[in-house]
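Undergrad: Encoded as structure tokens, here's the structure I'll be asking about.
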Amino acid sequence: MDKLVQKVIFGEKDKDRKKAITKIIKIANKKGIWLESTQKLYEEIAKGNCKGFTVPAINIRTLTFDFAKAIFRAAHKEDVGAFIFEIAASEINYTSQSLEEYIAVILAAGIEERFKGPIFFQGDHFKVNVKKYLSKDKEQELKKLKDLVKEAIKTGFYNIDIDCSGLKNIKENSYLTSELTYFIRKIQPEKITISIGGEIGQIGDKDTTVKELEIFMDEYQKYLSKYGKLKGISKIAVQARTCHGGIVLASGELKEIKEDFPILKKLSIKAREYKTAGIVQHGASTLSKKHFSHFPESEVCEIHLATNFQNIIYESSYFPKHLKKVIYDWIKEEFAKEKKETDTEIQFLYKFRKRALGPFKKAIWDIPKVNRNKISEQLENEFIFLFKALKVCQTKKLIKGVYPKKSRNKFFAFL
């Protein structure tokens, strides 16, 4: 698997990369791994047939093979089946990971760790550039987003999170979300219902209210009904206190965010009145550990986790100090003009170090294997904690019941 993954990521010839990807996919199929949509699971949650847990959606930005192996090991130890691998539209670029590469490398990790069953891949924050969308470039910008959605689905991302929250106007947001829902339903593969997420409050902005959720869903359903009886979104992302990446203080410590769990529960109950699985929480990985067990209690159906894993890798004692210095020196030079006067050097480096993951991808991959293994162990321990706190342990049997082998997708769309 190491050699195949090397070819997928760093193969000089496109032909060799494609061969390695195809080989990994065929092995995955033979080993009982296939790609799925969370639609069926979320329909069961919406009906109240299963509850009491929050599904983690995990963004992997670097060391993807080692990182994914840590997740599969933790999942095996805790008998977890309900978890999602995702990548945001912006992450594709700054981490230098194509959609095909992302799926292939994670499948290789699953094979290596002897995982069996469905794997859920999700496109996160698929959105338009609001400034361009509201200008004369509207059609071009919309086409760009639709092309990305089409590519993602063709590749095997059977879960797509539409994010039109940047439009601010809730009715405009609901209208565009309905348009994109219709587009996805037209192009989704036969026998697969793509799980689609919508988003109301822009993450990091003002908190979402129950009234705003009602307006969004009422308008969304009204617009969607014009296309006939189509399945709508399966979940709704809201804003509730958090922000992407967390807030780092001048000292380098993360600011303590006090979550409003009562409002999260009210929002989720309201979301289920519209036959969705509930609400989604973004920007949560940097929260204090004491918060995580409250998400299942608040009936949050899904939680998105990313930055803290990046933090664990960068801050690990096994991450080479000389490489970290080279990366930080590059950031200081490359993004000097974007540094705010109010930011300390620690805050500046924290904000921009994710942007180094693509340019230093090979250097990070070349960290000695013994070091990468230790970092992977640290990530594994973090996932064991998260799986327990989010109460997804022992969900393997549940997933097996919702997705029996007879319904598996034997061939991936892009083969």
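The values are calculated or read from the model by the stated rules, or taken from the named source; none is laboratory data. Quick caveat: nothing in here was measured; it's all calculated off a predicted structure. All Cβ positions, glycine included, derive from the backbone under ideal geometry; neighbour counts span all protein chains shown.
Undergrad: Going by the structure shown, is Phe126 buried (at least 23 other Cβ atoms within 10 Å of the Cβ), free of Cβ contacts under 8 Å to residues at least 60 places away in the same chain, under 30 Å from Ala363 (Cα atoms) and not polar (S, T, N, Q)?
TA: Judged against the criteria, Phe126 is a match.
Undergrad: Considering Thr54, Thr64, Thr38, which residue is modelled with pLDDT of 95 or more, over 22 Å from Gln394 (Cα atoms), among the β-branched types (Val, Ile, Thr) and buried (at least 24 other Cβ atoms within 10 Å of the Cβ)?
TA: Just one listed residue meets the conditions, Thr64.
Undergrad: Against the definition (basic (Lys, Arg), in the same structural domain as Ser90 (by TED's automatic domain parsing) and without any contact (Cβ under 8 Å) to a residue 12 or more places away in the chain), how does Lys211 come out, yes or no?
TA: yes
Undergrad: Being more than 11 Å from Ile236 (Cβ to Cβ), surrounded by fewer than 21 Cβ atoms within 10 Å (Cβ to Cβ) and not basic (Lys, Arg) is the filter here; which residues of the stretch 260-285 pass it?
TA: Matches in the stretch 260-285: Asp260, Phe261, Pro262, Ile263, Ile269, Glu273.
Undergrad: Still on this structure: Report, ordered by the first and then the second residue, all pairs with beta carbons closer than 7 Å, sequence separation of six or more or different chains, a first member in the stretch 142-157 that is on the phi > 0 side of the Ramachandran plot, and a second member that is assigned to a helix (DSSP H, G or I).
TA: Here the result reads Gly156/Ile103, each pair linking the stretch 142-157 to a residue that is assigned to a helix (DSSP H, G or I).
Undergrad: Just to be sure I understand, how many residues within the stretch 37-83 are over 18 Å from Glu382 (Cβ atoms) and among the aliphatic types (A, V, I, L, M)?
TA: Qualifying residue count, the stretch 37-83: 3.
Undergrad: In the stretch 286-308, what residues are surrounded by 24 or more Cβ atoms within 10 Å (Cβ to Cβ) and without any contact (Cβ under 8 Å) to a residue 12 or more places away in the chain?
TA: Scanning the stretch 286-308 gives no hits.
Undergrad: Quick test for you: out of Ile327, Ile367, Ile331, pick the one residue that is over 23 Å from the mean Cα position of the chain (by Cα) and under 30 Å from Ala237 (Cβ atoms).
TA: Residue meeting the stated conditions: Ile331.
Undergrad: Out of all the residues in the stretch 163-190, which are of a type in the set (A, V, I, L, M, F, W, C) and either in a helix (DSSP H, G or I) or closer than 19 Å to Glu36 by Cβ (or both)?
TA: Those that are of a type in the set (A, V, I, L, M, F, W, C) and either in a helix (DSSP H, G or I) or closer than 19 Å to Glu36 by Cβ (or both): Leu167, Ile170, Leu176, Leu180, Phe183, Ile184, Ile187.
Undergrad: What single numbered condition from (1) buried (at least 21 other Cβ atoms within 10 Å of the Cβ); (2) within 20 Å of Tyr133 (Cα to Cα) fails to hold for Ser195?
TA: Condition not satisfied by Ser195: (2).
Undergrad: Being among the charged types (D, E, K, R) and part of a loop (DSSP other than H, G, I, E, B) is the filter here, so list the residues in the stretch 298-317 that pass it.
TA: The one that is among the charged types (D, E, K, R) and part of a loop (DSSP other than H, G, I, E, B): Glu299.
Undergrad: Do we find a residue being hydroxyl-bearing (Ser, Thr, Tyr) and closer than 25 Å to Ile92 by Cβ anywhere in the stretch 288-304?
TA: no
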